Amino acid sequence: MLRYVLKRLGVGLLTLLVLTTITFFMTKAMPGSPLQSKNVTGALLEKMEEKYGLNKPVIQQYATYLVNILSGDLGISYKKPSTTVSDLIRKTFGPTLRLGLVTLALTLVLGVIAGIAMARAKSNFVKGLWLSGLTLGVSVPNFIVALLLLVIFGVQLRFFPILGLSTPMHYVLPALAQGFYPISAVARLTQTSYEDVMKQDYVTFAKAKGIHPFTVMIRHVLRNALLPVITYMGPTVAFLLTGSVVIENLYTIPGMGREFVYAISNHDYTVVMGMTIFMGALIIVCTITADLLCALVDPRMRKTL
Amino acid sequence: MKIKRDNVKRWAALGLALATAVAALAACGGSGTKTADTTAAAAAGGETTAAAAAAEKPTVIFASQPENGEYDPSGATAYVYFDYQTNCLEGLIDYNEQGGYEPAAAESWEANDDGTVWTFHLREDGYWSDGSKVTSADFLNTIKRALDPAKGSWYVDGLFVIKGTEDAFNETASVDDIGVECPDDYTLVFHLNAPCAYFLDYLRLPTYMPSNVKYASNENVGWDQDPAQNLGNGPYHMAAHEPGESITYTLNPYYRKQPAFGTIVLKFMADEQAMVSAYKTGEVDVYGNAPYYILEQYAGKPDLDESPVMVTNYVLFNINQAPFDDVRVREAFSLAVSRQGIIDVIGSNHTTDTSFIPATFPSKANTGKTWGDLAGILLEENAAKAQQLLADAGYPGGAGLPELTYTYPSMGNEADVAQTLQQQWKEVLGADVKLNAMEYEVYVDERRAGKLQFARMQWTGDFLDPATWLDMYRTGNAQNDVDWSNSEYDSIMTASMSEMDPAKREEMLLEAERILVTEDHIICPLFNSSYIYLINPKLTGHWNHPLGGKIWKDAVVVQ
């Protein structure tokens, strides 16, 4: 078990290094200087490039950058000169994390309930209704969902506020918009595997023993039916926690997804790289955690590790 | 966060109680002075009264573009900075709505006969938001800090008219030897390299704003982001700052004329749809720089407003690349353009312009007239002449023209403008022009390097003088991207700088513009623009700054 964890962590670190290297050289290959702007003249530009070390050979810049990362220093933003990249990540990760966790809870609760409801539906008509709803959920892009929710429930009906995240009510629309796809996906996964498990002999056996149907559902069916959901949740959690630029822009949430895209179009190299590394690390951690959780739930997998 | 806000409210309530008590005492004493409402009360009650005053007055919320850059007038100032400067800082002098000069932090000023020495007398009742006095040292502080090359000031070249500043910036002389003197706390003297007829206009640049000597230093990195250290000497000061999220100004209790809005909040928003929606739901009161389709959506409604900007959009020809090395080709392309055709596509918040200085620019010598009145129509649409010129240059009907690529930054309505031009050049000249959209920063980079054959160009005046436009195309100017050099133009520009008679000077500048636009055809002016505003109809009394944008200090809320 420990060996497995260590091995996964090792591979994760290697992935991060590759990611850092690729991002570094790709940002360097981008045309345009981060310090270029309307009013900065030639001489000033040279002085600024000297200050940020941009006039040194690329390999030397790369080496300096790697050494700095090891000491936890991600550098300072070119566009916000008095802000360090670490500060910016800390600042923007907060709102993204809060919205991500709300969406995550929404995804698990609504997704699993919808999945079970669908699996247990007796009439084919009701089943078909569920299915078409969920198919819509996985196929409609989130910017359309986000916009529709904003216009209908925010602007027309005025049910929910649409600017920022200052009260619990502010979370409703962006969380629904962000969760639309994962909720549908989780519901579909739950439904399929719930139906599979229901057909297993041990479920029939448990029912025959006279165990309360609810206990059967929780202990015997759900526990097994949720395995694919947990595997799916690994990357989904990472996806939710890195933020969606569409939703953060539309609902004016000062989160990481928005800042990341903003940094790219602004050529803010250090921010782009710092955030890429942070998001990469987050994705790796989430995937490893999901695998470990699977092992906890499934004794067979625990043995093979 | 929540607790903090409650605290503010509690303190405000306490302050309110105090203020009432003070007022009651004053009434008992029968002193009869009724000025206790603003500065006097603030001075007596201190911060808490000020908070109460701000809390009593309405809060106005603005949708703003995302912040970028610093709030330090000596630093890399960007979009939101100018909003901050307008509300929180007061320069030596200010523009009024007509573009005339008004005393601000300086009560009076005078120049010597040849315009090389300028003396400003600061008002003695100018206060920072912590109650300390604004002195000449605060102005010198910004200038000296901007001259530190590591600071990366965007407007440092606006200082180079002052003796010794350029050497100090290039580190060949000491910053202590520059031509700025502070004989006492309330006197500031500038010694210029040469006479400068428009020196007063420079005073609007960030580098001429004061920054408090107590906190603002280049060693104290980040003071400008911190509300506790960022003091204001204008009607407001920075009260809260959530980077990337919002910035809040509240009243400077020591400012001599207290505005009607107690608090101004700028919400940083990136998405047009989000801003329009937030205006519709009432979550923001003002949305400036709105997209043109708002003109149709809100046509006839009181919410809609416009503020003309001192901006010229034009085509810049690269005289070092074929075929634009031939003046006849440049003229042909200029005459083939139908400006009205462009406006029809991009919306009525734009107006046609054939001069480099915006047609709406207020004349300095002929009060009441605009630059458009004085310059007249410099380029008249003329298809026949354009075709003839192109044929004379050896490309009859566009035959034999080398490959043509017009470059524009991919933003706003630039694609619409480019496509309209492409179509017009095809129809009139038979020229096949390829369009090349570039990301803004890449476009600036390539244009600077002189790599673009012909390109969209836009220049917004930094201050209210034709020099902010015309200086760009002097020989060797850093902004002269196509390296055009015309000795006649240069000598007119040099002579105009020291011409202290506004009428004579305006004649010279008109002549310089004529050379640039109708003789050498370096640029082809297209149109000017206005900012479109959505403003809650309850807010009235705001006025347009002559350079563009709204001034709120005199605005009121009507119920």
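Indicate the residues belonging to region A:66-91 that lose 40 Å² or more of solvent-accessible heavy-atom surface (probe 1.4 Å) upon moving from the chain alone to the assembly of all protein chains, ignoring ligands and nucleic acids.
Going by heavy-atom accessible area, the residues of region A:66-91 that drop by at least 40 Å² are A:Lys79, A:Pro81, A:Ser82, A:Lys91.
Using θ = phi - 60° and the Karplus relation 6.51 cos²θ - 1.76 cosθ + 1.60, list the HN-Hα couplings for region A:83-100 in order, rounded to whole Hz, with x at every Gly or Pro.
10, 7, 5, 4, 4, 5, 5, 4, 5, 7, 6, x, x, 5, 5, 4, 5, x
What average number of partner chain Cβ atoms lie no more than 10 Å from the Cβ of the residues making up B:280-291?
Values: counts 6, 9, 2, 6, 2, 0, 0, 0, 0, 0, 0, 0.
Neighbouring Cβ atoms belonging to other protein chains average 2 per residue here.
Helix B:2-29 against the longest principal axis of chain B: what's the angle in degrees, Cα atoms only, rounded to the nearest 10?
Relative to chain B, helix B:2-29 is tipped by roughly 60 degrees.
What average number of partner chain Cβ atoms lie no more than 10 Å from the Cβ of the residues making up A:160-167? List each step's numbers first, then the result.
On the way: counts 1, 4, 6, 11, 7, 1, 4, 1.
For this peptide, the per-residue mean of nearby foreign Cβ atoms is 4.
Expressed as an acute angle from 0 to 90° and rounded to the nearest 10, what is the orientation of the C-alpha long axis of helix B:79-88 relative to the principal long axis of chain B?
Between the helix axis and the principal axis of chain B, the angle is about 40 degrees.
Springs between alpha-carbon atoms under 10 Å, Gaussian network over chain A: tell me which of A:Val102, A:Val126, A:Val245 tops the mean-square fluctuations.
A:Val126
What shape does region A:90-302 have by the C-alpha gyration tensor, where a ≥ b ≥ c are the square roots of the eigenvalues, rounded means a/c under 1.5, and otherwise prolate means a/b greater than b/c and oblate the rest?
Working: a/c = 2.76, a/b = 1.58, b/c = 1.75.
Oblate, because a/c is 1.5 or more while a/b does not exceed b/c.
If contacts are Cα pairs under 8 angstrom and at least 6 residues apart, what is the relative contact order of chain A in percent? Could you put the intermediate results ahead of the total?
On the way: 323 pairs, mean separation 80.4, N = 305.
After rounding, I find 26 percent.
Taking the Cα atoms of chain B alone, what are Rg (to one decimal) and Dmax (as a whole number) in Å?
25.7, 92
Need one number: nm distance between label points at B:Glu488 and A:Leu296, each 7 Å from Cα along Cα→Cβ, rounded to one decimal.
Each label point is offset 7 Å from its Cα along the Cβ direction, giving 8.4 nm.
Where does the charge balance sit around B:Glu219 when Lys and Arg score +1, Asp and Glu -1, over other residues with C-beta under 14 Å from its C-beta? All intermediate terms of the calculation are to be shown ahead of the outcome.
Numbers: positive: B:Lys144, B:Arg145, B:Lys151, B:Lys214; negative: B:Asp72, B:Asp148, B:Asp224.
Surrounding charge for B:Glu219 is +1.
So, R0 is 35 Å and r is the distance between the beta-carbons of A:Val109 and A:Asp87; what FRET efficiency does that work out to, to 0.05?
The pair A:Val109/A:Asp87 has a calculated efficiency of 0.55.
Among bridges DSSP assigns within region B:299-454, what percent are antiparallel (round to 5)? It would help to have the intermediate numbers written out before the result.
Values: 2 of 9 bridges.
Here the antiparallel bridges make up roughly 20 percent for region B:299-454.
I want to check the label-to-label distance for A:Lys127 and A:Glu49. Put each point 7 Å from Cα in the C-beta direction and report it in nm to one decimal.
Result: 6.7 nm between the two label points.
Over chain A, average the accessible area per residue using a 1.4 Å probe and give it in Å², no decimals. Walk me through the numbers before you get to the answer.
Working: 15240 Å² over 305 residues.
Result: 50 Å² per residue.
Treat each spin label as a single point 7 Å out from the Cα along the C-beta direction, and report the A:Tyr202 to A:Val18 distance in nm.
Result: 3.7 nm between the two label points.
Within a Cβ distance under 14 Å of B:Phe463, other residues only, what is the Lys/Arg minus Asp/Glu net charge? Mind dumping the intermediate values first?
Working: positive: B:Arg204, B:Lys364; negative: B:Asp94, B:Asp157, B:Asp201, B:Asp462, B:Asp465, B:Asp471.
So the surrounding residues net to -4.
For B:Phe527, enumerate residues with amide H under 5 Å from its amide H, sequence gap 5+ or separate chain, H modeled in the peptide plane.
The list, which skips near neighbours in sequence, is B:Asn313, B:Asp353.
What are the residues whose amide H is under 5 Å from the amide H of B:Val134, where those residues sit 5 or more places off or on another chain and H is modelled from the backbone?
B:Gly126, B:Tyr127, B:Trp128
Just how much of B:Phe82 is accessible, in Å², when a 1.4 Å probe is used and the result is rounded to the nearest 10?
Here the accessible area works out near 50 Å².
For chain A, modelled as a GNM with alpha-carbon contacts under 10 angstrom, which of A:Ser77, A:Ser86, A:Ser166 fluctuates the most?
A:Ser166
Springs between alpha-carbon atoms under 10 Å, Gaussian network over chain A: tell me which of A:Pro254, A:Pro228, A:Pro31 tops the mean-square fluctuations.
With Cα springs under 10 Å in chain A, the top fluctuation among A:Pro254, A:Pro228, A:Pro31 is at A:Pro31.
Using the Cα atoms of the protein assembly as shown to build a convex hull, what is its mean projected area in square nanometres?
Values: hull surface 184.4 nm².
Projected area, direction-averaged: 46.1 nm².
Please give the peptides B:539-548, A:184-193 ranked by average Cβ packing (other Cβ atoms within 10 Å per residue), highest first, as a rough proxy for protection. Write out the running numbers ahead of the final one.
Details: B:539-548: 18.5, A:184-193: 22.7.
The most tightly packed comes first, giving A:184-193, B:539-548.
Cβ under 11 Å from B:Asp285's Cβ, B:Asp285 left aside: what net charge do those residues give with Lys, Arg +1 and Asp, Glu -1?
On the way: positive: B:Lys267, B:Lys538; negative: B:Glu283, B:Asp303.
My count for the surroundings of B:Asp285 gives 0.
Show the residues, 5+ positions off or on another chain, whose built amide H is closer than 5 Å to the amide H of B:Glu70.
When sequence neighbours closer than 5 places are left aside, the close amide H contacts are B:Ala76, B:Thr77, B:Ala78.
Compute, for B:Lys163, the solvent-accessible surface of its heavy atoms (probe 1.4 Å) with the complete set of protein chains present, and express it in square angstrom to the nearest 10.
100
Solvent-accessible area of B:Met493, probe 1.4 Å, all protein chains present, reported in Å² to the nearest ten, please.
0
Among DSSP bridges having both ends in chain B, what percentage is antiparallel? Round to the nearest 5.
75
Give the ranking of B:Arg447, A:Arg98 by solvent-accessible surface, highest area first, calculated with a 1.4 Å probe.
On the way: B:Arg447 20, A:Arg98 115 Å².
The residues order as A:Arg98, B:Arg447, largest area first.
To the nearest 20 Debye, how big is the dipole of chain B about its Cα centre, given +1 on the beta carbon of each Lys and Arg and -1 on that of each Asp and Glu? Could you put the intermediate results ahead of the total?
Numbers: 39 positive and 78 negative charges, 383 e Å.
The dipole of chain B has a size of about 1840 debye.
Give me a single rounded figure for A:260-269: the average over its residues of other chain Cβ atoms within 10 Å of their Cβ.
On the way: counts 0, 1, 4, 0, 1, 4, 4, 5, 1, 0.
Other-chain Cβ atoms within 10 Å of each residue's Cβ, averaged: 2.
Output the peptides B:204-214, B:60-70 sorted from most to least packed, where packing is the average of other Cβ atoms within 10 Å over each peptide's residues.
Peptide ranking by packing, descending: B:204-214, B:60-70.
Count neighbours as other Cβ atoms within 10 Å of each site's Cβ, and list the GluC sites (Glu not before Pro) in region B:460-559 that are DSSP loop with at most 12 such neighbours.
Numbers: sites: B:Glu488, B:Glu499, B:Glu506, B:Glu507, B:Glu511, B:Glu513, B:Glu519; in loops: B:Glu499.
When the GluC sites (Glu not before Pro) of region B:460-559 are filtered for loop state and at most 12 Cβ neighbours within 10 Å, nothing remains.
Report, to the nearest 10°, how far helix A:58-70 tilts away from the longest principal axis of the Cα atoms in chain A, using its own Cα long axis and a range of 0 to 90°.
50
Give the carbon-plus-sulfur fraction of the accessible surface of the protein assembly as shown in %, rounded to a whole number; probe 1.4 Å, heavy atoms of protein chains only. Present the calculation step by step, with values, prior to reporting the outcome.
Numbers: 22210 of 37430 Å².
The value for the protein assembly as shown is 59 percent carbon and sulfur by accessible area.
Return the loop-located GluC sites (Glu not before Pro) in region B:386-451 (DSSP other than H, G, I, E, B) with at most 10 other Cβ atoms within 10 Å of their own Cβ; answer none if there are none. Mind showing how you got there, number by number?
Details: sites: B:Glu403, B:Glu414, B:Glu427, B:Glu439, B:Glu441, B:Glu446; in loops: B:Glu403, B:Glu439.
The qualifying sites are B:Glu403.
Quick one: accessible area per residue over region B:263-380, 1.4 Å probe, rounded to a whole number of Å²? The partial results should precede the final answer.
Working: 4260 Å² over 118 residues.
I get 36 Å² per residue for region B:263-380.
Roughly how large is the A-B contact in terms of buried accessible area, totalled over both chains, probe 1.4 Å, nearest 100 Å²? Show your work: numbers first, answer last.
On the way: alone 17100 and 23980 Å², together 37430 Å².
Using a 1.4 Å probe on protein heavy atoms, the buried area is about 3700 Å².
The values are calculated or read from the model by the stated rules, or taken from the named source; none is laboratory data. Computed from a prediction, not measured in an experiment: that's the story for all the values here. Virtual Cβ from ideal backbone geometry, glycine too; neighbours counted across all protein chains shown. Heavy atoms of the whole protein, side chains included, go into the accessibility calculation; ligands, DNA and RNA do not. Shrake-Rupley method; radii C 1.70, N 1.55, O 1.52, S 1.80 Å.
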